[in-house]
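Starting off with a structure, shown below.
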Amino acid sequence: MNDQALIARVLLDNDQHAFASLVRKYQHPIRHFLRRLTSGDHSLADDLAQEVFLAAYTKMQSFRAESSFGTWLHSIAYRMFLNDRRKAHYTREVSSELVEPSTTHNAEQDILVERLMSHLSVGERTCVTLAYSVGMSHQEIVEITGMPLGTVKSHINRGKQKLVELVNSNQPQKRSSL
């Protein structure tokens, strides 16, 4: 069943199963997006994701389908993150406690990416995550963030450049043997 049909069932019949289907479909992308925004703070990201879905459920009638349901959820998630950041004067420290000895290669890569992303500004981190992790177009990012198109493009370019510089600065230098 497509998103529009599920949304209609939620709105018309208060169908909890239809909403659960939407949550299952979008839970991972929303949590992933929030983890990137919070620089890897999984517990905060999970808490915010829960608030996103609660807000989506209570405000479902305000969804006008001018963009996709996923875009609408990402915009709610972005606003939730910004509100939380303002309230808590959010600061992030990379903690070695996040790395468990039994992590898999993919989990280690996620932790590395989250650490690298913590070096970007919030705007850069948001735009890079939406563009590359979520796969959204520049126009969808504009809709979610409310930033002008030029700012979105600048954040993506600067963010990519910073990430490349960070990765290159951490690569071992080859020594010539003379």
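Which residues, counting only those in the stretch 1-20, are free of Cβ contacts under 8 Å to residues at least 24 places away in the same chain and surrounded by 17 or more Cβ atoms within 10 Å (Cβ to Cβ)?
6, 9, 18
Restricting the stretch 31-77 to residues that are within 11 Å of the chain's Cα centre (by Cα) and not in a helix (DSSP H, G or I), which is surrounded by the most Cβ atoms within 10 Å (Cβ to Cβ)?
38
OK, next. With respect to residue 51, determine if the residue is modelled with pLDDT under 90 and charged (D, E, K, R).
no
From (1) closer than 28 Å to residue 57 by Cβ; (2) at pLDDT 90 or above, pick out the condition that doesn't hold for residue 86.
(2)
The values are calculated or read from the model by the stated rules, or taken from the named source; none is laboratory data. The model shown is predicted, which means the values in this text are computed figures rather than measured ones. We place every Cβ from the backbone using ideal geometry, glycine too, and count neighbours over all the protein chains shown.
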